[in-house]
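Here's the structure, in structure tokens; my notes come after.
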Amino acid sequence: MTDRGQLIDRKFASRVDWNLMRTFVDIVRAGGIGAAARQLNRQQPSISAALKRLEDHVGATLLHRTATGVEMTAAGKALMALCEDMLESAQMVPHQIAQATKRVEGFVRIQIISGLMSPEFDEAIASFHRRNPAIHIEIRVSPWRQVLDALEQGEVEIGVGYDSNVRGSLMYEPLLVERQQLYCSRYSPYFGYRLSRLHDLKDEGFVLTGDDEIEAITHLRRRYRLGTQVSGLAEDINEARRLIVQGVGIGFLPVLAAEQDVARERLWPILDADMEPSYDIFLLSRSEPARDTATQLFWDEVIRRLRAKNRT
């Protein structure tokens, strides 16, 4: 790098117009310069000029125009990641000031799926409560579709659950990859045996989880005609586990939720490990949330722990 290049790098922060970065984010999020101009109620040439000024500042092309809008270059993607971090930090200023001056009270309303096993989520709750003992934490448990609906309708601010499709109104932060296994009780003739032919189980009594059943499990059951003989139903993973442990029927459970019962030989995993269906569980919120300080601080506590986990 030349001496002049080093000088430009050192003075970048003091001479750049930070509003240009916000405009760049608006262009990317809107999907194009024209769309951003309409959303911001500004003239399109002024948006184009702002982008050109920013590109001159950074010394690189940030966006290419396409038939459908714009496409970020490698430099644009790098800058977008930095801009999003800066915006997130700016949004946190009033919340962190409130926490620092011990003025944070209120409620954090969270809706989660049943049987959730996440050390990062649990540690975030413990750490958050130690820092903010005056904040009341309310957790509701429901089937995964109700978690999504509650978020969209504004009944809760944070959710943890599954989604088979991406809803534009929601933000998705990967929390963990959950696996499920097919279990039987120690009273079952299958206890102690592994099966690779799921068709052999089509006439077995089955414990279903109703609306709480993940779509990947539903598709797997239907493919092999599992669950045609329903012997039990519980729309809560813990209660479904109770029914399976007591020999009411075989059924699918998250591996971590059944771990202790397997260790105690109360449950037996029927499938080979490579046949276990898996799917993402997300930390969820609305895309454009008007979060109060209590909720924002909790959200950041979980995100901080997830990012630390991903760096290890």
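Before moving on, here are some points about what is shown:
- Filtered by the rule that a residue be assigned to a loop (DSSP other than H, G, I, E, B) and closer than 26 Å to Pro254 by Cα, the stretch 115-134 gives Gly115, Leu116, Met117, Ser118.
- Considering residues of the stretch 259-304 that are closer than 23 Å to Arg223 by Cβ and among the hydroxyl-bearing types (Ser, Thr, Tyr) only, the residue most open to solvent (accessible area, probe 1.4 Å): Ser278
- Residue check for Arg130: more than 21 Å from Ser278 (Cα to Cα) and either aromatic (Phe, Trp, Tyr) or surrounded by 13 or more Cβ atoms within 10 Å (Cβ to Cβ) (or both): no
- The residue that is nearest to Arg29 (Cα to Cα), among those in the stretch 147-168 that are outside any strand (DSSP E or B) and among the hydrophobic types (A, V, I, L, M, F, W, C), is Val166.
- Figure legend. Inter-residue proximity from the stretch 138-164: first residues farther than 25 Å from Gln180 by Cα, second residues of a type in the set (Ser, Thr, Tyr) and open to solvent by 10 Å² or more (accessible area, probe 1.4 Å), beta-carbon distance below 6 Å, spacing 6+ or different chains. Indicated pairs: Glu152/Ser169.
Residues are listed down the side, and each one gets a yes or a no for (1) open to solvent by less than 20 Å² (accessible area, probe 1.4 Å); (2) not in a helix (DSSP H, G or I):
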| site | (1), (2) |
| --- | --- |
| His136 | no, yes |
| His219 | no, no |
| Gly232 | yes, yes |
| Ala240 | yes, no |
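- Picking from residues in the stretch 195-217 that are surrounded by fewer than 14 Cβ atoms within 10 Å (Cβ to Cβ) and part of a loop (DSSP other than H, G, I, E, B), the one that is modelled with the lowest pLDDT is Ser196.
- Selection within the stretch 144-164 - open to solvent by 10 Å² or more (accessible area, probe 1.4 Å) and either closer than 15 Å to Asp211 by Cβ or within 15 Å of the chain's Cα centre (by Cα) (or both): Arg145, Gln146, Asp149, Glu152, Glu157, Tyr162, Asp163, Ser164
- Checking the stated criteria, Ser169 turns out not to satisfy the condition of being in the same structural domain as Leu201 (by the TED database), surrounded by 20 or more Cβ atoms within 10 Å (Cβ to Cβ), among the hydroxyl-bearing types (Ser, Thr, Tyr) and in contact with a strand residue (DSSP E or B) (Cβ under 8 Å, 6 or more places away or on another chain).
The values are calculated or read from the model by the stated rules, or taken from the named source; none is laboratory data. Bear in mind that the values here come from a model prediction, so they are computed numbers and not experimental data. When we count neighbours, we look across all protein chains shown, and the Cβ atoms used for this are built from the backbone with ideal geometry, even at glycine. We work out accessible area using only protein heavy atoms, side chains counted, and drop any ligands, DNA or RNA first. Shrake-Rupley method; radii C 1.70, N 1.55, O 1.52, S 1.80 Å.
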